[in-house]
(Lines give C-alpha, C1' and ligand atoms only; values in the text may rest on other atoms or scores of the structure.)
Protein backbone atom coordinates (compact mmCIF):
# COMPACT_ATOMS: atom_id res chain seq x y z
CA UNK A 1 0.00 0.00 0.00
CA UNK A 2 1.24 3.48 -0.87
CA UNK A 3 1.01 5.48 2.37
CA UNK A 4 1.13 9.28 2.05
CA UNK A 5 2.84 11.44 4.68
CA UNK A 6 2.33 15.17 5.39
CA UNK A 7 5.99 15.84 4.63
CA UNK A 8 9.41 14.46 5.53
CA UNK A 9 8.83 13.72 9.21
CA UNK A 10 11.74 13.54 11.68
CA UNK A 11 11.46 9.73 11.65
CA UNK A 12 11.59 9.61 7.84
CA UNK A 13 14.47 12.12 7.78
CA UNK A 14 16.46 9.91 10.16
CA UNK A 15 15.74 6.88 7.99
CA UNK A 16 16.76 8.75 4.81
CA UNK A 17 20.09 9.71 6.41
CA UNK A 18 20.83 6.02 7.04
CA UNK A 19 20.41 5.01 3.38
CA UNK A 20 23.69 4.84 1.43
CA UNK A 21 22.00 5.21 -1.97
CA UNK A 22 18.91 6.73 -3.53
CA UNK A 23 17.61 6.93 -7.08
CA UNK A 24 16.63 10.10 -8.92
CA UNK A 25 14.18 9.93 -11.84
CA UNK A 26 13.46 12.68 -14.37
CA UNK A 27 12.13 12.82 -17.92
CA UNK A 28 11.89 15.29 -20.78
CA UNK A 29 8.50 16.54 -21.95
CA UNK A 30 8.84 14.79 -25.31
CA UNK A 31 7.04 11.45 -25.23
CA UNK A 32 9.84 9.77 -27.16
CA UNK A 33 12.57 11.23 -24.90
CA UNK A 34 14.72 9.15 -22.59
CA UNK A 35 13.64 8.73 -18.99
CA UNK A 36 16.66 9.16 -16.74
CA UNK A 37 17.15 7.15 -13.56
CA UNK A 38 20.36 7.89 -11.67
CA UNK A 39 21.72 6.27 -8.53
CA UNK A 40 23.07 8.75 -5.97
CA UNK A 41 25.49 7.93 -3.19
CA UNK A 42 28.56 9.58 -1.70
CA UNK A 43 26.57 11.43 1.01
CA UNK A 44 24.85 13.60 -1.59
CA UNK A 45 21.40 14.34 -0.16
CA UNK A 46 20.24 16.66 2.62
CA UNK A 47 16.84 17.34 4.10
CA UNK A 48 16.49 21.13 4.12
CA UNK A 49 12.97 21.19 5.58
CA UNK A 50 9.93 18.86 5.58
CA UNK A 51 9.14 19.78 1.95
CA UNK A 52 12.60 20.42 0.54
CA UNK A 53 15.73 18.39 -0.16
CA UNK A 54 19.06 19.28 -1.71
CA UNK A 55 21.02 16.86 -3.87
CA UNK A 56 24.72 17.53 -4.42
CA UNK A 57 25.53 16.71 -8.04
CA UNK A 58 29.04 15.69 -9.00
CA UNK A 59 30.55 15.92 -12.47
CA UNK A 60 29.80 12.79 -14.45
CA UNK A 61 29.53 11.44 -17.95
CA UNK A 62 26.02 12.82 -18.46
CA UNK A 63 23.89 15.65 -17.14
CA UNK A 64 20.36 14.41 -17.87
CA UNK A 65 18.87 15.37 -14.50
CA UNK A 66 19.88 19.00 -15.03
CA UNK A 67 18.52 19.01 -18.59
CA UNK A 68 15.15 17.69 -17.50
CA UNK A 69 14.88 19.98 -14.48
CA UNK A 70 15.75 23.01 -16.60
CA UNK A 71 13.12 21.97 -19.14
CA UNK A 72 10.20 20.97 -16.89
CA UNK A 73 11.23 20.55 -13.24
CA UNK A 74 9.64 17.11 -12.67
CA UNK A 75 11.56 14.80 -10.34
CA UNK A 76 11.10 11.78 -8.10
CA UNK A 77 13.65 10.64 -5.52
CA UNK A 78 13.35 7.03 -4.30
CA UNK A 79 15.01 5.34 -1.34
CA UNK A 80 14.94 1.57 -0.68
CA UNK A 81 15.86 -0.21 2.52
CA UNK A 82 18.48 -2.77 1.52
CA UNK A 83 19.08 -3.57 5.22
CA UNK A 84 16.76 -3.68 8.22
CA UNK A 85 13.00 -3.35 8.02
CA UNK A 86 11.71 -3.25 4.42
CA UNK A 87 10.58 0.14 3.14
CA UNK A 88 10.46 2.19 -0.03
CA UNK A 89 10.15 5.97 0.24
CA UNK A 90 9.40 8.24 -2.70
CA UNK A 91 9.70 12.02 -2.72
CA UNK A 92 7.74 13.50 -5.62
CA UNK A 93 8.18 17.10 -6.57
CA UNK A 94 9.68 19.80 -8.68
CA UNK A 95 13.34 20.63 -8.82
CA UNK A 96 15.62 23.37 -9.92
CA UNK A 97 19.29 23.45 -10.76
CA UNK A 98 21.28 25.69 -8.42
CA UNK A 99 24.60 26.64 -10.02
CA UNK A 100 27.62 28.04 -8.13
CA UNK A 101 26.89 31.59 -9.27
CA UNK A 102 23.33 31.65 -7.84
CA UNK A 103 22.38 33.36 -4.59
CA UNK A 104 21.09 30.09 -3.06
CA UNK A 105 24.44 28.34 -3.62
CA UNK A 106 26.37 29.30 -0.43
CA UNK A 107 23.62 28.17 1.96
CA UNK A 108 22.90 24.91 0.13
CA UNK A 109 26.57 24.10 -0.51
CA UNK A 110 27.38 24.60 3.21
CA UNK A 111 25.19 21.58 4.02
CA UNK A 112 27.71 19.23 2.39
CA UNK A 113 31.36 18.40 3.03
CA UNK A 114 33.52 21.29 1.83
CA UNK A 115 36.23 18.99 0.47
CA UNK A 116 33.98 17.05 -1.93
CA UNK A 117 35.74 16.96 -5.30
CA UNK A 118 33.93 17.46 -8.59
CA UNK A 119 30.85 19.35 -7.42
CA UNK A 120 28.94 20.53 -10.50
CA UNK A 121 25.61 21.83 -9.18
CA UNK A 122 22.94 21.25 -6.56
CA UNK A 123 19.39 20.14 -7.27
CA UNK A 124 16.91 21.82 -4.93
CA UNK A 125 13.72 19.78 -4.80
CA UNK A 126 10.40 21.11 -3.54
CA UNK A 127 8.65 17.99 -2.30
CA UNK A 128 4.94 17.92 -3.11
CA UNK A 129 4.22 14.32 -2.07
CA UNK A 130 5.91 11.94 0.36
CA UNK A 131 4.84 8.30 0.25
CA UNK A 132 6.10 5.00 1.61
CA UNK A 133 5.36 1.47 0.49
CA UNK A 134 6.26 -1.97 1.80
CA UNK A 135 9.51 -2.82 0.01
CA UNK A 136 8.94 -6.53 0.55
CA UNK A 137 10.42 -7.32 -2.88
CA UNK A 138 13.66 -5.39 -2.32
CA UNK A 139 16.59 -7.72 -1.58
CA UNK A 140 18.72 -7.54 1.54
CA UNK A 141 22.18 -6.31 0.61
CA UNK A 142 25.27 -5.56 2.65
CA UNK A 143 26.73 -2.06 2.34
CA UNK A 144 30.53 -2.29 2.18
CA UNK A 145 31.74 1.24 1.38
CA UNK A 146 31.40 4.18 -0.97
CA UNK A 147 33.44 3.89 -4.15
CA UNK A 148 36.26 6.42 -4.44
CA UNK A 149 36.76 6.41 -8.22
CA UNK A 150 34.61 9.50 -8.93
CA UNK A 151 36.08 11.75 -6.22
CA UNK A 152 39.62 10.62 -7.12
CA UNK A 153 39.02 11.26 -10.83
CA UNK A 154 37.62 14.73 -10.08
CA UNK A 155 40.54 15.58 -7.78
CA UNK A 156 43.02 14.57 -10.49
CA UNK A 157 41.21 16.69 -13.09
CA UNK A 158 41.25 19.79 -10.88
CA UNK A 159 38.94 22.79 -11.31
CA UNK A 160 40.11 23.75 -14.81
CA UNK A 161 40.06 20.17 -16.07
CA UNK A 162 36.55 19.67 -14.70
CA UNK A 163 35.32 22.89 -16.34
CA UNK A 164 36.75 21.73 -19.69
CA UNK A 165 35.20 18.28 -19.25
CA UNK A 166 31.77 19.75 -18.44
CA UNK A 167 31.95 22.14 -21.40
CA UNK A 168 32.76 19.23 -23.71
CA UNK A 169 30.51 16.50 -22.24
CA UNK A 170 27.71 18.03 -20.14
CA UNK A 171 26.11 20.76 -22.30
CA UNK A 172 23.58 18.67 -24.26
CA UNK A 173 21.29 15.87 -23.06
CA UNK A 174 20.77 12.54 -24.81
CA UNK A 175 17.66 14.04 -26.40
CA UNK A 176 19.40 17.23 -27.55
CA UNK A 177 18.25 19.54 -24.73
CA UNK A 178 20.70 22.37 -24.04
CA UNK A 179 22.02 22.42 -20.47
CA UNK A 180 23.10 25.63 -18.71
CA UNK A 181 26.26 25.01 -16.68
CA UNK A 182 26.40 28.61 -15.50
CA UNK A 183 24.59 31.82 -16.33
CA UNK A 184 25.90 32.03 -19.90
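The values are calculated or read from the model by the stated rules, or taken from the named source; none is laboratory data. Note that this is a predicted model, so its numbers are computed, not measured. Because the Cβ atoms are built from the backbone with ideal geometry, glycine has one as well, and the counts that use them run over all protein chains shown.
For this structure, a couple of remarks:
- Those residues of the range 50-73 which are surrounded by fewer than 17 Cβ atoms within 10 Å (Cβ to Cβ) and either more than 21 Å from residue 9 (Cα to Cα) or free of Cβ contacts under 8 Å to residues at least 24 places away in the same chain (or both), in sequence order: 61, 62, 72, 73
- Scanning the range 22-48 for residues that are under 26 Å from residue 85 (Cβ atoms) and touching a residue at least 60 places away in the same chain (Cβ under 8 Å) yields 24, 41, 42, 43, 44, 46, 48.
- Complete set of residues in the range 33-47 that are surrounded by 17 or more Cβ atoms within 10 Å (Cβ to Cβ) and in contact with a strand residue (DSSP E or B) (Cβ under 8 Å, 6 or more places away or on another chain): 36, 40, 42, 44, 45, 46, 47
- Residues of the range 135-149 include at least one that is farther than 17 Å from residue 63 by Cα, at pLDDT 95 or above and in contact with a strand residue (DSSP E or B) (Cβ under 8 Å, 6 or more places away or on another chain).
- The set of residues from the range 138-153 being without any contact (Cβ under 8 Å) to a residue 40 or more places away in the chain, under 30 Å from residue 87 (Cα atoms) and part of a helix (DSSP H, G or I) comprises just one member, 149.
- Test: residue 40 is within 14 Å of the chain's Cα centre (by Cα) and on the phi < 0 side of the Ramachandran plot: yes
- Residues in the range 3-16 that are part of a helix (DSSP H, G or I) and in contact (Cβ under 8 Å) with a residue 60 or more places away in the chain: 12, 15, 16.
- Only one entry of 160, 164, 107 meets the criterion of being part of a helix (DSSP H, G or I) and either at pLDDT below 95 or under 19 Å from residue 50 (Cα atoms) (or both), and that entry is 107.
- With respect to the stated conditions, residue 86 fails to be free of Cβ contacts under 8 Å to residues at least 60 places away in the same chain and either outside any loop (DSSP other than H, G, I, E, B) or out of contact with any strand residue (DSSP E or B) (no Cβ under 9 Å at 6 or more places or on another chain) (or both).
- Residues of the range 118-137 classified as farther than 15 Å from residue 53 by Cβ, more than 13 Å from the chain's Cα centre (by Cα) and surrounded by 20 or more Cβ atoms within 10 Å (Cβ to Cβ), total: 1
- Just so you know, in the range 154-180 the residues that are touching a residue at least 12 places away in the same chain (Cβ under 8 Å) and over 28 Å from residue 29 (Cβ atoms) include one that is surrounded by the fewest Cβ atoms within 10 Å (Cβ to Cβ), and it is 155.
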